[in-house]
Every structure is written in structure tokens, then in C-alpha cells.
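Undergrad: Let me give you the structure first, and then I'll get to my questions.
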Amino acid sequence: MNDPVLSLIPRIREYHRSGEAFPFSSFRLSGDEECLGYYADIFRDGSLSVLTARKEGLEKGFYELDITRERLIVSYSDESGLLNAMGTLRQLSAISQGYLFAGNVKDGPSYRHRGLLFDCARHYFPVDYILTLLDAMAVYHLNVFHWHLTDDQGWRLFLPSFPSICSERSYSISDVNIVVERAAKLGIEVIPEIEMPGHVSALLSSCPQIGCSGGPYEARSTYGVFDEVLCMGNEETYEVIRKILNDVHTLFPSSRIVCGGDECPVTAWRGCSRCRDAVSASSLDIEKAQWLFTRRLVKECLPDGMSVILWDDAARFLPSLPVDKNITFLLWRCDEERVRTILENGNRIIVCRHDDGAYLDYKQADDPDEMGNIGVNTLFSSYNMKMYEGEAKITGGQGNLWTEKLDRAEDVNYMLFPRLAALSENFWLLSGEKDFDSFRSRLSSMEKVLLSLGITSDRPYYTDGGAL
């Protein structure tokens with residue numbers, strides 16, 4: 001009889017089995033159902049108690065399960081530890097085949113930020129599907145949903161101050177509330193991304209006055225890097241940004257926001273007299289214009305209490321120009337020198353290396369028939385993406401799913417899994433605790449878990465040759 005605890009993803013840190021198997025369905029939650037309400041239905045009909053209790057001495061996010069025939073005790077460090085335990089129990093409910101063994105589990109994360117970026121700007125995905133993804137994230141102990149809402153192809157967020165900038169299919173205030181509330185119940189932080197100063201064609205189509213040429217502009221139907229950017233020498237640009245970010249801050253409870261900073265050409269700035277004047281007044285050349293924009297964004301445009309996350313392109317001016325130490329950088333380029341300068345400057349880093357396992361829109365194998373875009377990221381590379389262990393400013397990592405060529409949920413599911421599960425274990429364990437062969441052997445449980453959440457694919461999941 002297989003032990004379901006040994007099939008969990010991420011792998012449990014400590015497990016000591018002490019006795020016989022007994023029915024999993026006999027457990028039910030007792031206690032504070034307001035706190036556990038989202039998970040309570042799994043256990044509501046059981047005859048035995050699942051008791052929960054805070055325990056001193058456990059690290060943040062850690063929990064223990066004491067499993068006996070009479071009861072199941074969940075001990076936890078804090079709310080994140082409790083919700084990690086609930087995610088484990090939900091996964092066990094899908095893979096247990098109706099039984100558990102008596103024993104003790106102790107588990108918890110290595111990294112604080114364990115995320116997924118989902119691009120809903122290139123293609124819109126309905127709220128119900130996003131809620132399903134959040135469920136899957138919680139089961140695999142991912143705790144940050146990086147919601148990419150704006151880009152050249154669309155602006156997907158309704159804002160009270162700028163109702164006219166919405167794309168035809170966008171998320172209403174009610175939609176945002178539904179996503180944020182579900183995420184909160186699962187212990188997931190929702191961090192919105194509002195792109196700037198590049199990737200703004202859709203914004204400029206509604207606000208041409210904050211572009212360098214004044215337009216006309218239009219949202220793009222193709223993909224790439226485009227020359228139209230926000231006019232960094234125009235005072236109205238910063239007034240609009242302030243209003244946008246204040247609206248976003250009102251909608252999202254997170255104290256963090258992603259403000260892009262990636263792939264920003266200087267072509268428009270070079271041809272704009274206002275931008276040239278702004279750069280000249282600072283005794284810089286036009287290639288440094290984005291540094292000036294970033295400085296004003298951080299100092300003048302962020303709502304009180306907000307901190308900003310930027311793609312590591314915005315750190316390229318280090319060490320010759322100072323960069324605010326409160327900026328967190330998303331490390332998507334595998335540039336070791338940039339890593340060193342960012343850390344030496346005192347900034348935090350979230351690892352999501354595009355060619356080392358994090359970009360989940362890339363192909364899963366170097367095969368012309370394999371679905372995917374631009375490059376190749378294998379299951380093995382996702383499992384072993386370099387996390388720069390030992391660096392205190394590395395807050396964690398995330399997988400990024402861009403949707404330029406994805407508009408169906410079934411295709412998104414195929415591209416996410418099993419690589420997102422591999423990343424989840426990468427963020428949960430340190431390198432000395434990881435074992436790819438062990439992970440691949442546990443993938444046989446993954447499809448059961450996904451099916452229990454309503455996640456399906458119309459093609460077999462790709463597993464580097466391993467069978468589900």
C-alpha cells in the first residue's frame with residue numbers, strides 16, 4: 001500500500017510514519033471555520049476531528065501534522081503556516097486513495113516569495129479560470145499571484161479615474177474583489193502589474209497626450225518591443241501615473257506593485273524635445289532617460305505605503321547611477337554581473353530567469369511539434385533554476401506565463417504543468433534537499449490533484465520522458 005504523504009509536491013521536509021493506515025474520509029475540521037472556511041468542506045462529513053493550534057517555536061510558514069487513528073492535529077506558526085497545512089491536506093484528499101498512515105509531518109518553505117505571473121493583457125482569461133489557478137497555487141504552496149494586467153495589446157483593468165482606457169474585455173472592480181478575496185482565503189498575495197514606461201501602446205491609445213508624439217496610437221495586435229513609450233519629459237505623464245497608481249492601490253490590498261521597467265527603447269525620447277531637455281537638465285545622456293523616469297516614479301508617484309517591483313532592466317544603470325534600495329527587482333535576465341551589482345546596492349531580488357526554467361511559455365522540449373514560444377525550458381531546468389542560496393536579499397522566485405500565443409485554458413494548463421509544480425518544489429526546498437528523480441516519480445500524483453481542482457489539458461502533460 002503506497003503512502004500518499006510520500007507522493008506530495010513539494011516534498012515534505014520531515015515525515016516519520018508510526019503506524020497503520022486508516023480512512024482519510026473520517027477526518028473533519030473542528031474549530032474556527034471562519035478562518036478555515038474555504039477548506040472546511042473537504043472534512044465536513046468526517047467522524048474524527050482535525051484540531052488546529054498555534055505552536056511557538058515554528059518558523060514562519062511552517063506547520064506540523066500529527067496523524068493518529070483518533071484525530072489529526074495541525075500545529076502552525078502563523079496564518080501562512082496554517083494555510084500551507086491546509087494546502088497539503090487538500091492535496092492529500094486528492095491522492096490518498098481514501099487512507100492515511102499514522103505519523104508526524106513537519107514542513108515549511110525556504111523562500112518567502114513563491115509566485116506565478118499570469119499574463120492577462122495579451123489575452124483575457126475569465127475570473128472563474130483565475131480562481132481555479134489560485135486553488136492550484138495554494139495546493140502547491142505558491143503564495144504570490146503576479147497579475148500582468150496591461151501591455152501593448154490591452155489594458156485589462158477598470159479604473160474609476162480613467163474608465164475610457166479599458167480594453168473591450170477587462171476586469172471590473174467586482175472581478176478584482178472576487179480574485180483578491182479568494183486569494184486572501186488561500187494565503188496568496190495578489191500583486192498587480194501596470195507596465196511603464198514601455199509596453200504602453202494600449203494606454204497611449206486612450207491617453208495620447210502622455211506620449212512623445214501625441215499620437216495617434218493604437219493597441220497592438222502583434223507582439224514585440226515597440227518604440228512608443230511614456231513621455232518622461234512631460235509633467236502630465238506623472239500626474240496620470242499618480243492617479244492610476246492611486247486607483248490601483250485602492251483596488252488591491254497588497255503593499256507591493258509591479259511597474260514594469262522592461263524593454264524600453266529610447267527612440268521616442270531621442271526625438272522628443274521635452275525628453276531631451278529633461279535629460280540635459282540632469283547632465284545625463286538620453287540613454288539614461290529611464291533612470292530619471294524611475295527616480296521620479298519612486299519619489300513622486302507611488303501612494304503612501306507602497307513599494308515597487310521592477311524588472312531587472314531598470315537596474316542596468318548600477319553601479320554608475322544610484323538606484324533606490326527599496327526597489328525589488330525581478331531577475332529575468334541571467335546576467336551574473338547584474339545580480340552582483342543589485343545585491344551590493346542593497347536591493348531585494350525575485351528570481352525568474354527566462355532561460356533557466358521560469359518562463360513557462362517557452363517550449364518544454366526542443367521539438368518542432370512541441371507547443372511553446374521563443375525558447376526551451378525543460379522540467380529539469382525549472383526544478384533546478386538557480387536560486388542564489390545564501391543571499392539574504394533573495395526573497396524567492398516565480399514562474400512567468402506569458403500569453404502572446406495562448407488563448408485557451410487547456411493550453412495554459414499544458415504549459416504550466418508540470419513545470420509549475422517543479423518550480424514550487426524549487427522554492428520550497430534548498431538545493432541539498434532536492435532530488436529530481438524523486439520529484440519525477442511523484443508526478444504520478446499530479447494529474448489527480450489537477451483533476452480534483454477542475455484543471456484539464458486536451459493533450460498528455462509533458463514530463464521529460466516520465467509517465468504520469
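The values are calculated or read from the model by the stated rules, or taken from the named source; none is laboratory data. Values in this document were obtained by computation on a predicted structure and should not be read as measured data. Don't worry about glycine lacking a Cβ; one is built from the backbone with ideal geometry, like all the others, and counts go over all protein chains shown. Surface areas here come from the heavy atoms of the whole protein model, side chains and all, with no ligands, DNA or RNA. Shrake-Rupley method; radii C 1.70, N 1.55, O 1.52, S 1.80 Å.
Undergrad: Residues that are surrounded by 11 or more Cβ atoms within 10 Å (Cβ to Cβ) and modelled with pLDDT under 75: which strands (runs of 3 or more DSSP E) entirely in the stretch 1-57 hold 2 or more of them? Before the answer, list the steps.
TA: Values: elements: 14-23, 27-29, 48-54.
Because the criterion is at least 2 residues that are surrounded by 11 or more Cβ atoms within 10 Å (Cβ to Cβ) and modelled with pLDDT under 75, the strands (runs of 3 or more DSSP E) in the stretch 1-57 that meet it are 27-29, 48-54.
Undergrad: Quick test of your reading of the structure: S161 fulfils all but one of (1) surrounded by fewer than 24 Cβ atoms within 10 Å (Cβ to Cβ); (2) in a helix (DSSP H, G or I). Name the failing condition by number.
TA: Unmet condition: (2).
Undergrad: Considering only the stretch 314-352, state which residues are acidic (D, E) and at pLDDT 95 or above.
TA: Correct list: D324, E344.
Undergrad: Have a look at W311, W291 and point out the one that is surrounded by 15 or more Cβ atoms within 10 Å (Cβ to Cβ) and either modelled with pLDDT under 95 or under 25 Å from the mean Cα position of the chain (by Cα) (or both). If you could, list the steps in order and put the result at the bottom.
TA: On the way: W291 fails: either modelled with pLDDT under 95 or under 25 Å from the mean Cα position of the chain (by Cα) (or both).
Answer to the selection: W311.
Undergrad: Right, another one. Is it the case that the stretch 243-255 has a residue that's farther than 24 Å from V179 by Cα, open to solvent by less than 30 Å² (accessible area, probe 1.4 Å) and not aliphatic (A, V, I, L, M)?
TA: Applying the first criterion (farther than 24 Å from V179 by Cα) to the stretch 243-255 yields none.
So far as the stretch 243-255 goes, no, none of its residues is farther than 24 Å from V179 by Cα, open to solvent by less than 30 Å² (accessible area, probe 1.4 Å) and not aliphatic (A, V, I, L, M).
This table checks each residue for (1) open to solvent by 60 Å² or more (accessible area, probe 1.4 Å); (2) in a helix (DSSP H, G or I); (3) touching a Lys or Arg at 6+ places or on another chain (Cβ under 8 Å).
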position	(1), (2), (3)
D361	no, no, yes
M371	no, no, yes
K386	yes, no, yes
A422	no, yes, no
K448	yes, yes, no
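Undergrad: A further question follows. Can you tell me which residues in the stretch 338-359 are open to solvent by 10 Å² or more (accessible area, probe 1.4 Å) and more than 23 Å from G375 (Cα to Cα)?
TA: Just the residues of the stretch 338-359 that are open to solvent by 10 Å² or more (accessible area, probe 1.4 Å), to begin with: 338, 340-341, 343-346, 348, 353-356, 359.
Across the stretch 338-359, the qualifying residues are R340, T341, L343, E344, N345, G346, R348.
Undergrad: Which of (1) part of a loop (DSSP other than H, G, I, E, B); (2) within 20 Å of P460 (Cβ to Cβ); (3) modelled with pLDDT of 95 or more is the odd one out, the single condition D367 does not satisfy?
TA: The single condition D367 does not satisfy is (3).
Undergrad: Let me confirm something: among A121, A85, which residue is in a loop (DSSP other than H, G, I, E, B) and open to solvent by less than 20 Å² (accessible area, probe 1.4 Å)?
TA: A121
Undergrad: Another one. Among the residues of the stretch 288-336, which ones are free of Cβ contacts under 8 Å to residues at least 60 places away in the same chain, part of a helix (DSSP H, G or I) and aromatic (F, W, Y)?
TA: Selection gives W291 alone.
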